[in-house]
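The values are calculated or read from the model by the stated rules, or taken from the named source; none is laboratory data. Not measured: the values here are computed from a predicted model. Cβ coordinates were reconstructed from backbone atoms using ideal geometry, including for glycine residues, and neighbour counts include every protein chain displayed.
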Amino acid sequence: MKVLIGVSGSIAAYKSLILARELFKGGYSLRVILSRGALNFVTPLSFQELAGAKVFTDPDLFKGNTHVDLARWSEIFLVVPATYNLLGKVASGLADDLLTSTIAAHPSPVVFAPAMHTEMWENPILQRNIDALKEAGHVILPVKEGDLASGDRGKGRMLEPEEILRYLEDLRKAKDFWKGKRVVVTYGGTVEPIDDVRVITNLSSGKMGVALATWLSFFGAHVVAVACGSAPKAPAREFYRIKTARELFDLLKSMEYDYLFMAAAVSDYRPNYKPGKLKKDVSSLILNLQRNPDILSNLPKDRGKIVGFALEERENLRSEAVRKLKEKDVDFIVANPTDVIGKDRTEAFLFDRKGLLKQLSGTKWEVAAEIVKKLALE
Ligand code: CTP
């Protein structure tokens, strides 16, 4: 696998050298970008000699399209260490050197391993930048509490090379698993017309589906994204937009897949549609609702694995998730507790037929990554 390592200017840069050496020994193909700050701590020669890596620095930015070529070449782009300044620049959309330009040109999420002093780590501006980067789909590895280069103890210490290596190994396994698999992801809320100007829908944002599609694309799957209603567009090789539950059902019946992620919030009922615009000529109006088909229950089960989603009260989450998994005859269910609605962090419980596989928490991006990785490693 082709790994691009970006190094920014921190004393923790020496760890990137150890990491590069281990990756080289593990058979990874390496390229390295050193920022101007990084050159104060490590040299191109050390990466060339210890890790057989081709090394790039700022002057290379003006030799052709180096930043675009490097971004296209890499299968995983790891910035280690990522300083306060680097994270701030990327979060603000700045691209004023080779490293930040390559990050800007990179088509899939970049993995950042932050390293800094505790006060800088706890600075609300840094935390806001990290949130923005996560929101944009990037991966921010955790920092540890421990001895810092200044002699202090506290939060901000970068992960050890072997911990980053383990993380990369998981990513590699996930890529091996998903590569070339045809994966359908449905997301957002279906929209059922009352008349030509009014609808019944729900508040599903579709963010989880977009995050799943982004990660699956990153891992090399052939993603078919099916957005319901006005849910945002997800990165995918094929893209469909549908409105009603019945349209979604018809589309899915015609599709082949290795995996189906059914994150769509499907309306269980639809009104009797009236063409035109209903007039307010009565003092009270009763909408007659018809049951929609339960799509998951009625899809053939011999095409591929199916992952259902369910929003449940925390007290009954396990029993309801397991009941739905069995009744709908699906392979996995991801259940979210209702009390996380509207919160920054989400929680998810992944079940298979045997029971709870994994409990996850974090942003939707982080949870989506963990779900996709867990399914690959199962
Ligand atoms: N689902 C479906 N067809 C429907 C309703 C839901 O395929 N008509 C799918 C959803 O996309 C989701 C899973 O079933 O993956 C669970 O959805 P949920 O709304 O939690 O379950 P329901 O069966 O609708 O049960 P209830 O609303 O009564 O809790």
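For ASP281, the conditions (1) surrounded by fewer than 17 Cβ atoms within 10 Å (Cβ to Cβ); (2) within 27 Å of the chain's Cα centre (by Cα) are fulfilled apart from (2). Out of PHE41, PHE77, PHE24, PHE47, one residue alone is among the aromatic types (Phe, Trp, Tyr), over 16 Å from HIS106 (Cα atoms) and buried (at least 24 other Cβ atoms within 10 Å of the Cβ). It is PHE47.
In this entry, GLY154 is excluded by the filter for residues that are modelled with pLDDT under 85 and surrounded by 14 or more Cβ atoms within 10 Å (Cβ to Cβ). For residues that are surrounded by 17 or more Cβ atoms within 10 Å (Cβ to Cβ) and part of a strand (DSSP E or B), scanning just segment 263-278, find the one that is farthest from the ligand (Cβ to nearest atom). Across segment 263-278, the extreme among qualifying residues is PRO271.
For segment 311-338, a residue qualifies if it is more than 10 Å from PHE349 (Cα to Cα) and within 9 Å of the ligand (Cβ to nearest atom), and the qualifying residues are LEU311, GLU312, GLU320, LYS324, GLU327, LYS328, VAL330. Condition first: of a type outside the set (Phe, Trp, Tyr), at pLDDT 95 or above and under 26 Å from PHE218 (Cα atoms). Can you find one or more residues in segment 264-272 that meet it? Scanning segment 264-272 turns up at least one residue that is of a type outside the set (Phe, Trp, Tyr), at pLDDT 95 or above and under 26 Å from PHE218 (Cα atoms). Taken across segment 204-213, residues that are part of a loop (DSSP other than H, G, I, E, B), within 16 Å of the ligand (Cβ to nearest atom) and within 16 Å of the chain's Cα centre (by Cα) do occur, with at least one present. The residue that is nearest to TRP215 (Cα to Cα), counting only those in segment 246-262 that are in contact with a Gly (Cβ under 6 Å, 6 or more places away or on another chain) and more than 8 Å from the ligand (Cβ to nearest atom), is TYR259. In segment 263-283, the residues that are farther than 30 Å from ALA211 by Cα form Cβ pairs under 9 Å with partners that are within 16 Å of the ligand (Cβ to nearest atom) and in a strand (DSSP E or B), at six or more places apart or across chains, as follows: PRO271/GLU192; PRO271/ILE200; PRO271/LEU289; PRO271/GLN290; ASN272/LEU289; ASN272/GLN290; TYR273/GLU192. Taking every residue in segment 90-110 that is closer than 20 Å to PHE218 by Cβ and in contact (Cβ under 8 Å) with a residue 40 or more places away in the chain and pairing it with any residue that is aromatic (Phe, Trp, Tyr) and part of a helix (DSSP H, G or I), at least 6 positions away or on another chain, the pairs with Cβ-Cβ distances below 6 Å are SER108/PHE218; PRO109/PHE218. Against the definition (more than 8 Å from the ligand (Cβ to nearest atom), in a loop (DSSP other than H, G, I, E, B) and farther than 20 Å from SER204 by Cβ), how does LYS233 come out, yes or no? Answer is no for this residue.
Right, TRP178: among the aromatic types (Phe, Trp, Tyr) and in contact with a strand residue (DSSP E or B) (Cβ under 8 Å, 6 or more places away or on another chain) or not? When the stated conditions are applied, TRP178 does not pass them.
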